[in-house]
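We did not get these values from a lab; they are worked out from the coordinates using the rules stated. Computed from a predicted structure; not experimentally measured. Ideal geometry is used to build each Cβ from the backbone, glycine not excepted, and the neighbour counts take in all protein chains shown.
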Amino acid sequence: MMERAPKNRNLTPPDAYAGIFAEALATLPGAETPVEEVRKKQFKSFEKTGFPGPKVETWKYSPLGDIARTAFRPTSPESAASVSLEDYLIPGDDVTRLVFVNGEIDREHSDRLLSIGGVTIGSLSDALTAGAISADDLLTVDDEERGFDALNAAFADCGAVIKVDAGQSAPGPVQILFVSGGNQPERMINPRIVIELGAGASLDLIETHVFGDESGLLTNLITRADVGSGATLRHDRLQIGNTEGRFIGRFDCDVDANAKLTQTLATLGGGFVRNEITARLIGSEIEAQFNGLYLTRTGQHIDNVLKIDHTAPGSESDQYFKGVLDGRAKAAFAGKIHVHQPAQQTNAYQTNNNLLLSPDAEINTKPELEIYADDVKCSHGATAGELDERELFYLRSRGLDPETARTMLTFAFADEVLERFASTALLDQAKQEMLRWLPGGDILADMDV
Amino acid sequence: MLKIENLEAGVEEKQILKGLNLEVKPGEVHAIMGPNGSGKSTLGYMLAGRDGYDVAGGSVLYEGEDLLEMEPEERAAAGIFLAFQYPVEIPGVANMYFLRTALNSIRRERGEDEIDAASFLKMVREKAKVVGVKPELLKRAVNFGFSGGEKKRNEILQMAVLEPKFAILDETDSGLDIDALRTVADGVNQLRTPDRAMVVITHYQRLLDYIQPDVVHVMLDGRIVRSGGKELALELEKSGYAGFEGGAVAQAVA
């Protein structure tokens, strides 16, 4: 079966990348060590593969346009962001933080390498420089047809390595905060997050991307996670800020038996944002929950692409995505459930509900079920529409004017996803942002969120 | 206070109310009983201002004003309240905040000052106690994840906070166990005042053991076919709707 488009449907990257790479090599983490050889190999692979073209099925509604035509350079250390970090840091003495400003680690706000009781949390560049883990293991490419994976491996400049040994838990949540800002045309960062959870280990990961002032920066993120048997991973991702930042991220994970994976994505900012989630449920009795919210305005294009593979019997997955689209917003959702033949007694569900606030907004939603086992429960449902008339009437019958009623119901529609964040501090940040964002949100400004 | 004359209304091609007459005076509690499909809930929705009904004839006067010309929020400000049969869930909006927003919207519309947060808090806590709404439900999102009984009590709490002049209770008793029913009824009874009127829509005579109506109406096929005292409810309990207007009954039940 042909799952991916042939390479000739891909777009050739600009030649200028060769010079950019040659120049960058000396300053990327792991310079003059065996890491360089891995980077060179991956860069060759990137040049050969190129970027997915518009005829590649999962990129149909998200044409790359000038992202594929531009030769992005790594950020320069002198570029500064004027974002107030305090607004986005997760408070708490037990939080381990890694903060990156335009891809550069912010030592003041970041914790030093934490290595206690079977838990290791450190920055990717430290790991690459120290060489304790081989670059071959850190700079892997899981999807060889996509180009962005190899580009990331070649240029990987920031991110984190998190290892929790069997039966251990991180002392508290881990926050990885990426902030961009200043003028960053044709610049990119290539963060990479590597997560390994042993059997029965647990981790709360909070990932924040702040698209700062006037930044046209491209974030090309790769997250690679191994969730061991009986392990628990709770992963929150908040994308927030202006409508110019560009983000392409792939989260790829293998989940073993009895593990629990809960992931909640909220895209409240960014210009072109694409979240790709690939999960292989390779054991039984797994509970995997994928939640997502996108609030999209004119000038924004938000795309969520999920592929959940059930390869073993008796696991459960649920995709729950909601979108609010205003102005001339564009969004796409593609959720695939692939139940392999041995995966009997699979329960796999998918929901994608969209609220269109404007007649000019556009949503392309595509469920895809591929089922080879005969004893399964699978369902999918997608809607696109306006606010419920009966609900509006309920609020107005309590005295609320139509605008307040609309704003409150729109807030409630979106908030249902945000409430699934594992972190209540992140939930508060997201709620406040949503009130700033929503048409008429100032009406609810006095709400205690 | 409320005078409905010969009201004919429906949705699209389907006529639901077929010449309904009803007059309610201040301080009165009226019960409207009738089988499914007789138009009881439609009447409640129409009085509260839900969109989408075509009025073919008749009139509704509320305190001398043409009620059908008013928007739902104008009616709320004028003192009309409908306790919903199926209250709406509002995730992420705390019950307390919703109540305060509703009350202040109504006060603003009436040209009154907004209530300050401290007095509001005190007032809601007292009223919640009276109608049996647990304090933690005030902090939770409106009706979100509430049980059926909690939702109904929450409707009564909203009524207690908004202090309407004219309240319609649409099958507030359905889905309630006997204890919940008694608490809800106690709450309603406490809100009975000489200048406040209520219309209680119900399937069952049971609720009327706890809320003593001044007038009982039997509604069949879009009309009130008989009105009487509370003994009418007992009669209904014994003989069902079969004794009222044979033809209409057969049609309504079908």
HN-Hα J in Hz across segment A:228-241 - Karplus 6.51, -1.76, 1.60, θ = phi - 60°, x for Gly and Pro: x, 5, x, 7, 10, 10, 10, 10, 9, 10, 10, 10, 8, x
Can you work out ³J(HN,Hα) from phi for every residue in segment A:104-120, in order, using Karplus 6.51 cos²θ - 1.76 cosθ + 1.60 and θ = phi - 60°, giving whole Hz and x for Gly and Pro? 9, 5, 9, 5, 4, 9, 9, 7, 5, 3, 9, 9, 9, x, x, 10, 10
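Report, for chain A, the % of DSSP beta bridges that are antiparallel, rounded to 5.
10
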Mean-square fluctuation check for chain A, GNM, Cα pairs under 10 Å: which of A:ILE133, A:ILE302, A:ILE189 is largest? A:ILE133
For a quick check: with amide H placed at 1.01 Å from N, whose amide H comes under 5 Å from A:LEU217's, ignoring anything fewer than 5 positions away on the same chain? A:GLN184, A:ARG246
Partner chain Cβ atoms within 10 Å, averaged over the residues of B:156-169 - can you pull that number for me? 0
Computed for segment B:1-102: size of charge dipole around the Cα centre, +1 on C-beta of each Lys and Arg, -1 on C-beta of each Asp and Glu, debye to nearest 20, value 440
Interchain or long-range residues, amide H under 5 Å from A:ALA382's placed H: A:ASN352
Give the average, rounded to an integer, of partner chain Cβ atoms located within 10 angstrom of each Cβ in B:90-103. 6
Which far-off residues, 5 or more places away or on another chain, put their amide H under 5 Å from the one on A:LEU293, with H placed in the peptide plane? A:LEU265, A:ALA266, A:THR267, A:LYS322
So how far, in whole Å, is the C-alpha centre of segment B:129-156 from the one of segment A:257-319? 33
Restricting to bridges with both residues inside chain B, how much of the DSSP beta-bridge set is antiparallel, in percent to the nearest 5? 55
Give me the inter-chain shielding for A:399-411: mean count of other chain Cβ atoms within 10 Å, whole number please. 5
Note: segment A:179-327 at 25 °C, 0.890 mPa s; Kirkwood Rh on alpha carbon pairs; Stokes-Einstein D in µm²/s works out to 156
Additional length obtainable on full extension of the chain from A:GLU370 to A:ASP66, 0.36 nm per residue less Cα span: 106.1 nm
Placing +1 at every Lys and Arg Cβ and -1 at every Asp and Glu Cβ, with all other atoms neutral, what dipole size does the protein assembly as shown have around its Cα centre, in debye to the nearest 20? 480
Excluding residues fewer than 8 positions from B:LYS18 in its own chain, the aspartates and glutamates with Cα under 18 Å of it are B:GLU5, B:GLU8, B:ASP54, B:ASP221, B:GLU245
Checking segment B:30-124 for trypsin sites (Lys or Arg not before Pro) in a loop per DSSP with at most 14 other beta-carbon atoms within 10 Å yields B:ARG110
Tell me the GluC sites (Glu not before Pro) within segment B:66-113 that lie in a loop according to DSSP and have at most 12 other beta-carbon atoms within 10 Å. B:GLU112
Considering the alpha-carbon set of chain B alone, what are its Rg and its Dmax in angstrom? 18.1, 58
Sequence-distant aspartates and glutamates (8 or more away, or on other chains) whose Cα lies within less than 20 Å of B:LYS122: A:ASP446, A:ASP448, B:GLU112, B:ASP113, B:GLU114, B:GLU136, B:GLU155, B:GLU163
Using the Karplus curve 6.51 cos²θ - 1.76 cosθ + 1.60 with θ = phi - 60°, what ³J(HN,Hα) values do you get for each residue of segment A:408-414, in whole Hz, with x for Gly and Pro? 5, 6, 5, 4, 5, 4, 6
Where a Cα-Cα gap under 13 Å defines reach, which aspartates and glutamates qualify for A:LYS48, not counting those fewer than 8 residues away within the same chain? A:ASP15, A:GLU144, A:GLU145, A:ASP149
The alpha-carbon center of segment B:64-80 and that of segment A:165-220 are separated, in whole Å, by 54
